[in-house]
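A.B. asks: Provided herewith is a single structure, encoded as structure tokens, for subsequent inquiry.
Throughout, read-outs are computed from the coordinates displayed, never taken from laboratory work. Treat the numbers as computed from the prediction; the structure is a model and nothing was measured. Counting neighbours? That spans all protein chains shown, and the Cβs are built from the backbone with ideal geometry, glycine included.
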């Protein structure tokens, strides 16, 4: 058994494409078959190497490894030419010289009459020797197929026109190349978005004209934004790598994507192994799926909480390098990650949270400072006690904070909040005793001194 993912390199790997790739990959693995990656780059004007790289990077980041490929359609022009000549030789295709102007007039006339705009077969029997090449679509009968998602679909051949299979410069078109490729690569299950469903009857007729076995088709419903419109840039990040940049774990994104249009009971969290074990085409929903960013964030947080520190470090590496954060200048990164795991929704949040352990700052949040840095007495006493502390451990730090509260007869918040702000610069810190331990004695005292200097400067 073989399935494939066949993107066009005219942009990045988007969320819809990633879901198609995941479903095709999962189905191949479920059937203990092969997953093929094919780059459909015949549109030379719009295809770019940057887009090819973005697709390959996205697939690698998601962990959707291919067993065969990547194959490039531009390497297969001779094969397409061979098939086009075969169809011409068997009188199953013909040359057409109709100008763009004539075709536009025809479209306008048919549209005005309320009829479907399609080619009228003007050059079908002219026996021309140049122009575009059109496939002779059957004039009678129906094309019927059983879609694994949509069910039985039937369309009359009269609804279809003679589609172009080669342009005037002899380059092949999508509907021809995809049929030849899927046949040559032994693809027996074609899983793709339902924006291709109108092409399927045309492709089936090509298969039949070439006496080739038909694959099984499964057309996936589209993904909608929260407003019910087709998912697009205005709904947030739609590029797979943008989600990496925003701090999502690949397995969290895959888990979310598999639930966009597929379900297994009420289960929400799936490992990649479970996806393969449980995946069935028949359980794909017919209705469009709605993309919910909040749900994805929740899922990502769950994955961060349950991941090993080593796994998080592997995924954090890009973010740390991207922001030029030197983690050698501070506590063991493993300890910091472990501390931040419970409270980080994304890896970007985690990186923001770990900066205070490795980077010094020279100013405090203005609003918080005005609120928390009113009185120096508690901070001075804490500074004195921590300065004399020999065993710099969280438990001992906590004890010193408690002593400050007891001696000054104040609640924890009166020293805890100013201390939190002094340590972090922005008030965003977890358990302050643990944070202070990780920040280290030297840095902690320096930041408390900075807080005292601030109070001295701004208090009146």
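A.B. asks: So how tilted is helix 347-358 from the main axis of the chain? Cα-based, degrees 0 to 90, rounded to 10.
C.D. replies: 30 degrees
A.B. asks: Hey, another quick one. What's the exposure ranking of 269, 36, 327, going from fewest to most Cβ atoms within 10 Å? List each step's numbers first, then the result.
C.D. replies: Values: 269 12, 36 23, 327 18.
Sorted ascending by nearby Cβ count, the order is 269, 327, 36.
A.B. asks: Using the alpha-carbon atoms, what tilt in degrees (0 to 90, nearest 10) does helix 413-424 show relative to the longest principal axis of the chain?
C.D. replies: Tilt relative to the chain: about 60 degrees.
A.B. asks: Per DSSP helix of 4 or more residues, -39500 (n - 2.57); summed, then divided by the residues of the chain. What does that give at 222 nm, rounded to the nearest 500?
C.D. replies: Details: 19 runs with 218 residues, N = 460.
Per the formula, -14500 deg cm²/dmol.
A.B. asks: Order of 178, 309 from fewest to most other C-beta atoms within 10 Å?
C.D. replies: Numbers: 178 24, 309 15.
Result, fewest neighbours first: 309, 178.
A.B. asks: Hey, another quick one. If you wrap a convex hull around the Cα atoms of segment 244-336, how much volume per residue is inside, in Å³? Intermediate results must be reported in sequence, preceding the final value.
C.D. replies: Numbers: hull volume 10.3 nm³, N = 93.
Per residue, the Cα convex hull of segment 244-336 comes to 111 Å³.
A.B. asks: Here's a follow-up. Can you list, largest first and rounded to whole Å, the semi-axes you get for segment 307-358 by taking the square root of 5 times each eigenvalue of its Cα gyration tensor?
C.D. replies: 14, 12, 11
A.B. asks: Computed from the coordinates I sent, P(r) over Cα pairs in 20 Å bins from 0, in percent equals one of (i) 20, 35, 33, 12, 0; (ii) 24, 54, 19, 3, 0; (iii) 20, 39, 23, 14, 5, 0. Tell me the label.
C.D. replies: (iii)
A.B. asks: Follow-up question, since we're still on this one. Quick check of the Kirkwood formula: for segment 129-245, what is the inverse mean of 1/r over all pairs of different Cα atoms, in Å?
C.D. replies: Numbers: mean 1/r = 0.0610 Å⁻¹.
Evaluated over segment 129-245, this radius sits at 16.4 Å.
A.B. asks: What FRET efficiency do you get for residue 186 and residue 282 if R0 is 22 Å and r is their Cβ-Cβ distance, rounded to the nearest 0.05?
C.D. replies: The value I calculate is 0.45.
A.B. asks: How long are the semi-axes of the equivalent ellipsoid of segment 176-320, taking √(5λ) for every eigenvalue λ of the Cα gyration tensor, in whole Å from largest down? Mind dumping the intermediate values first?
C.D. replies: On the way: eigenvalues 228, 62, 51 Å².
Equivalent ellipsoid of segment 176-320: 34, 18, 16 Å, largest first.
A.B. asks: Could you list the square roots of 5 times each eigenvalue of the Cα gyration tensor of segment 360-460, that is, the equivalent ellipsoid semi-axes, sorted largest first and rounded to whole Å?
C.D. replies: Listed largest to smallest, the semi-axes of segment 360-460 are 19, 15, 12 Å.
A.B. asks: Something else now. Tilt of helix 100-112 relative to the longest C-alpha principal axis of the chain, in degrees (0 to 90, nearest 10)?
C.D. replies: It is inclined by approximately 80 degrees.
A.B. asks: Related question: Arranged by the count of other C-beta atoms within 10 angstrom, fewest first, what order do 168, 344, 308 take? Numbers along the way, then the final one.
C.D. replies: Values: 168 13, 344 22, 308 10.
Listing 168, 344, 308 from fewest to most nearby Cβ atoms yields 308, 168, 344.
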